[in-house]
Protein chains: 4
Amino acid sequence: MNNKKTTSIKRIALLTSGGDAPGMNAAIRSVVLAAHHYHIEVIGFYHGYNGLVCEEHIAMAEPLTLLKVNSIIHLGGTILKSARCQLMHEAKGLQLAADTLNDKNIDALVVIGGDGSFSGLLALQAYWSGQMIGIPGTIDNDLDGTDYTIGFATAVNTGIEAIDKIRDTADAFERIFIVELMGRHCGHITFNVGIACAAEQVLSFENFNANEQSSKLQQLATEITTAKKNRHSSYIIVIAENLWPGGAVELARQLHLQADIECTPCILGHIQRGGSPIAKDRILATKMGVAAVQALIDGESNIMVAEQNNAMNFITLDEAIKHKKVVSKQLIDAQQNILALTAQTQC
Amino acid sequence: MNNKKTTSIKRIALLTSGGDAPGMNAAIRSVVLAAHHYHIEVIGFYHGYNGLVCEEHIAMAEPLTLLKVNSIIHLGGTILKSARCQLMHEAKGLQLAADTLNDKNIDALVVIGGDGSFSGLLALQAYWSGQMIGIPGTIDNDLDGTDYTIGFATAVNTGIEAIDKIRDTADAFERIFIVELMGRHCGHITFNVGIACAAEQVLSFENFNANEQSSKLQQLATEITTAKKNRHSSYIIVIAENLWPGGAVELARQLHLQADIECTPCILGHIQRGGSPIAKDRILATKMGVAAVQALIDGESNIMVAEQNNAMNFITLDEAIKHKKVVSKQLIDAQQNILALTAQTQC
Amino acid sequence: MNNKKTTSIKRIALLTSGGDAPGMNAAIRSVVLAAHHYHIEVIGFYHGYNGLVCEEHIAMAEPLTLLKVNSIIHLGGTILKSARCQLMHEAKGLQLAADTLNDKNIDALVVIGGDGSFSGLLALQAYWSGQMIGIPGTIDNDLDGTDYTIGFATAVNTGIEAIDKIRDTADAFERIFIVELMGRHCGHITFNVGIACAAEQVLSFENFNANEQSSKLQQLATEITTAKKNRHSSYIIVIAENLWPGGAVELARQLHLQADIECTPCILGHIQRGGSPIAKDRILATKMGVAAVQALIDGESNIMVAEQNNAMNFITLDEAIKHKKVVSKQLIDAQQNILALTAQTQC
Amino acid sequence: MNNKKTTSIKRIALLTSGGDAPGMNAAIRSVVLAAHHYHIEVIGFYHGYNGLVCEEHIAMAEPLTLLKVNSIIHLGGTILKSARCQLMHEAKGLQLAADTLNDKNIDALVVIGGDGSFSGLLALQAYWSGQMIGIPGTIDNDLDGTDYTIGFATAVNTGIEAIDKIRDTADAFERIFIVELMGRHCGHITFNVGIACAAEQVLSFENFNANEQSSKLQQLATEITTAKKNRHSSYIIVIAENLWPGGAVELARQLHLQADIECTPCILGHIQRGGSPIAKDRILATKMGVAAVQALIDGESNIMVAEQNNAMNFITLDEAIKHKKVVSKQLIDAQQNILALTAQTQC
């Protein structure tokens, strides 16, 4: 944020990249509305960075009119489509992207996405001199420096709505379920869903080391057995994806084999990623879209819009992706030291 | 329905059995309200037939008061719990059940469940002389003689809500998803969900023979390739569980190996079984509960309550489980001959 | 259905008219897909019959491509817009509509709407000789000859979701609520919602005569007082719109004035009309759209597509609007003679 | 927080007071679980402060076991019931409350509610020497010192789900709706819902003075007319309750009379107050419940648990109710200066 100067930009390029997240469309709408307000044109590029580097996708680029974004605030997914783009990891691709932006007379590039998408922006700096700004859109909530990323609140809520349903069957049969949640390599979704659905166990990167798999299995078996002895009720374990080798299915198999405990594994999968964004994500996305445009006008570049303490702020892209944001210790403590322990006691 | 006589029953036993289905609680409430109206007591037995045969569960039996069922119409699962019960397949278990019913001075037994539960009722006839009536509660909708079973409408709706979310990501990435649905050995859920979520392909028992697996794979690959060439959009295949050996995961693997087609498999699993029942299931359950009690007063026995052409009716338990109800030919035709074909044409 | 002949129609006009209903878009999609399958073009006219008679709206008419209807099955409202159209009640308007249809080389007109919309079709017969077919789309479910109209199932479900929420506050405060529901002059929505949300009272055209207002007020007061004395809990009255002079607000005022009973009135209003259609309405709409196109090919005219006993059928437009469909006596009986009475007894 | 001392409390009294809010049950559960963990008993008092002062309600007080709170995290309303209590405004009532707390050997009183409830706590200080702590539970979000109150996030989300449905009809008919939202005397709900449902106008205490009613009406009329001329689409005004004399109905009438603009008024009413809490409120409530118990153990009294910058904190009850929390200026600016203006421009 050192290179601050007031600019008079005329044309913004906008794209969504990486895994889609509910609220991306609300952010697109907000960028377009704010830009329109300041008499700036927004060109939408399709299919993530492919929209800047692949002939076929470049051809789809088009002005985003108010009409196009008028009725999208409530839609999941992204009207600009998304994709991974291998070429952006190569000098050739970065040059292609720069060429496209120059060809189209773009003054500033706004990318809605996660850490991979922002790495792309950082790499592009060496090839293109326009302003660049990132808007954090990912269900994983793993970007440092912002309290929340767009899509996280909806993904957590979708998770609990699914598990509320699973709880019905679990209660009816007093059965044990292992529910696998998205989140890549962070426990934000897992811990929040776990607490909000009153899971008896939360198993995530923050409270499990890969090398203690066998002792953890033993501990789990003991805790489940204690709980089932003390209370006639259902028992739900939520577990982060990419945590247990083989996932929920394998954990269920091992608990059966080694402790004669029957569990039903469930993988929530892609239902967590879509759906109409809840209010929180629509508002966050709207505020961030406005803030992004205003930051560009203020001459900012190489920053990510961030929500800090309920207010809009900015951090450098560099900082945003340097570390994964960690899950709040207060939250983990409450779950581990109070709730999980109580779940084993007589009821 | 031959053995009709007007009886003056005083005490009904009520239990839920087999897989839980949304609306079971609405049916419980309705039986209790109607019985109360006719000055009949209802005793709730817990954990399915185990409530009649296992000491531990028999001990839980209790009168179902109006207060207990006052606020349950909207709850998924079953407050009477459910379970499978191996003992009911043996003479010993059937005798135990009869003894319990006699001990408790039960005049009539009402079971909410599916075909397995009704087989139990039929077997019990040789051991117990009270009246018996079944209320069809299963998400599978596979009971012959009733247009709908309690839970089916909700399960279908839960299926489309999940796939609507998956569609967001599928659209954003123009990706192919294979979504596996419940339904045991019938395509009611699969065809209805498939049509209602605009699935490009429906794969179920009704349009697939196990021995034509390899030709089907070839056909699928051709159709997907045609569709993807003709239209840039998502592509969703819904598939019945227990249909393709290895399920959605294996089908995805084979499409990748043999036709280089990338698909993401999703198994909806137990989220389809729970949740607050939609209005249709609450109303159906309420009507069936009232009809069951009135039929008992009319002296009916060994029958299942059935909805036929929007009206309450009855069929013998025998008939109800003799055949699986087949999926409407009109529905299959519309899907196969119109919708699925159109999904491959230029868009 | 007398004038049956096989025709080779080439171009269908399609419009939605009257109050919008969830599932109208699913019906539009289905007509377009089926027509496409039979190589028939569909021209969409906008804003109901205005699309045929007003210059400004005629100009909006356009071919409905597969692309346009590809992602609309889950959307509430209608992409063809809707409106009332005064001109269609006059000879001049009818002649204008006929002229437009002839100008555009339309062979057949398909209208998705309710009884008012179908009266328009009947009136048009004298001015235009093309085939005409109606698809019943209205939340009121009041068209005779079809078991269900498109939108009804969703409207009922939306009603219970709202009242489930109201019940939370009603329970917390043990308070009485009067909830006013849509339905114009029929109790289909009111009775179905009433039963599905376990309303203690259902007040609709079917169990209330306008001229017995004062005796009904007295009866209501007595029943409420009895119920509140017998059970500490909430009490919900659902009431049809256009029933009680002044509606729920006035009824609450009178109960307060004349019997010192405090009730909170709630008017659900337009939230009942919109929203994503539930599976039932999507499937019904899809089947009806296909059936409409096939009927046109079979040479049918002046008919409405109808669902009877779960199968597609047809009745004349004349029959469809001659009488309002009545609410099932079985349903009313269950509510009035069992459920409502039980709600007053000790709990 | 001055009077801090470590205490060894044995028995907590818990009650919910004022308007119910989604998440109150999650807070109840959390207090009970945390207390159980620290070997503290929780006595639940029913019907708000009436539970402490009315014979009939005092008699309902009972220990809250783990079993009682095991399955309530997802339920709207409050299992402890709520009510207003006139007696707590009088010395007599306060003395009665103190007597009850002493009789029952209560060491600490936890109240979940809003500013009225906390005034009660403050008044009680002169009569009772036990520890007292407030947990902010109100949909209005108007308590100073906490970023969020329990129930607010759900109420906002319920608001947008309702308006998403209304938007369908508004779009189909290109009609203007005025939707009245709860919020007592604060615009938190109104502004957040307004932004999240893309309302064309937000009318709340923060941007409207009662004495400028007639100029505001003129301005509204001008803006609506401009917007409707520039774009063929729906137009939604959200308005706070208690703002415009006569509310949405009267505003609609005046716009019709004075500017010939037709609007449909909708009052969302009590559906905003109930319903299953979304994840945010369940997590907030859980964290606050744990924090409250830990604060009591730490000897705190006369404080309210607060979430500040995503972490648990405490402020004095005095501070909490001294001022209404104001709506974020950033949010208002974005809505008023960007979004609302853009809504009038050509689309």
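The values are calculated or read from the model by the stated rules, or taken from the named source; none is laboratory data. Since the model is a prediction, treat every value here as computed from it, not as a measurement. Note: ideal-geometry Cβ built from the backbone for every residue, glycine included; neighbour counts use all protein chains shown. Areas reflect the complete protein model, heavy atoms only, side chains present, ligands, DNA and RNA absent. Shrake-Rupley method; radii C 1.70, N 1.55, O 1.52, S 1.80 Å.
A Förster distance of 41 Å, applied to the separation of the beta-carbon atoms of A:A123 and D:A259, puts the FRET efficiency at 0.15.
Basic side chains Lys and Arg get +1 at the Cβ, acidic Asp and Glu get -1 at the Cβ, and with that the dipole of chain B about its Cα centre reaches some 420 debye. From largest to smallest, the equivalent ellipsoid semi-axes obtained for the range A:10-74 from the alpha-carbon gyration tensor read 19, 15, 9 Å. Considering only A:Q346, A:N209, A:V290, and ranking their Cα positions along the charge dipole of the range A:209-347 that arises from unit charges at the beta-carbon of Lys, Arg, Asp and Glu, the one farthest toward the positive end is A:Q346.
Principal-axis analysis of the Cα atoms of chain C puts helix C:152-173 at an angle of about 20° to the longest axis. Quick one: pull the percentage of alpha-carbon pairs in the protein assembly as shown with a separation above 45 Å. I get 40 percent for the Cα pairs in the protein assembly as shown exceeding 45 Å.
Chain B residue nearest by beta-carbon to the axis mapping B to C, with distance in Å: B:N309, 2.
When only alpha carbons are used to place a centre, the range B:188-232 and the range A:63-131 end up 35 Å from one another. Bridging of C:K329 to aspartates and glutamates at a Cα separation below 18 Å is possible for B:E307, C:D140, C:D142, C:D144, C:D147, C:E206, once same-chain residues fewer than 8 apart are set aside. Dipole magnitude for the range C:22-84: computed about the Cα centre from +1 point charges on Lys and Arg Cβ and -1 point charges on Asp and Glu Cβ, it is near 240 debye.
A compact globular protein would have a Cα radius of gyration near 2.2 N^0.38 Å; the ratio found for chain A is 1.10.
Using R0 = 35 Å, the C-beta based FRET efficiency linking A:H232 and B:N102 works out to 0.80. On a per residue basis, the convex hull of the C-alpha atoms belonging to the range A:113-213 measures out at 114 Å³.
Which links in B:K325/C:K322; B:K10/B:K68; D:K287/D:K324; B:K287/D:K280; A:K81/A:K104 stretch past 26 Å when you go from one Cα to the other? Flagged as over cut-off: B:K325/C:K322; B:K287/D:K280. Our note on the geometry: Cα centres of the range C:7-45 and the range B:237-267, 34 Å apart. Of the residues D:A248, D:Q258, D:G51, the one whose Cα sits farthest toward the positive end of the charge dipole of chain D, with +1 on the Cβ of Lys and Arg and -1 on the Cβ of Asp and Glu, is D:G51. In chain B, which longest range has no GluC sites (Glu not before Pro) that are both DSSP loop (not H, G, I, E or B) and surrounded by at most 16 other Cβ atoms within 10 Å? In chain B, the maximal stretch lacking such sites is B:1-89.
Rounded, prolate or oblate, given the Cα gyration tensor of the range B:17-158, with a/c below 1.5 counting as rounded? It is oblate, given that a/c is not under 1.5 and a/b is not larger than b/c. Ellipsoid fit via the Cα gyration tensor, the range B:154-273: semi-axes of 20, 18, 12 Å, each the root of five times an eigenvalue, largest first.
Using C-alpha pairs under 8 Å with a sequence gap of at least 6, the mean separation divided by the residue count of chain A gives a relative contact order of 25 percent.
Electrostatic tally near A:S233: other residues with Cβ closer than 11 Å to its Cβ, Lys and Arg +1, Asp and Glu -1, net +2. Accessible surface for C:L33 stands near 20 Å², nearest 10, in the context of the full protein assembly shown (1.4 Å probe). Based on Cα contacts under 8 Å between residues 6+ apart, the range D:155-273 shows a relative contact order of 41 percent. Here the dipole of the protein assembly as shown is about 0 debye; that uses its Cα centre as origin and unit charges on the Cβ of Lys and Arg (positive) and Asp and Glu (negative). With all protein chains in place and ligands, DNA and RNA left out, the 1.4 Å accessible area ranks D:D142, A:D318 as A:D318, D:D142, largest first.
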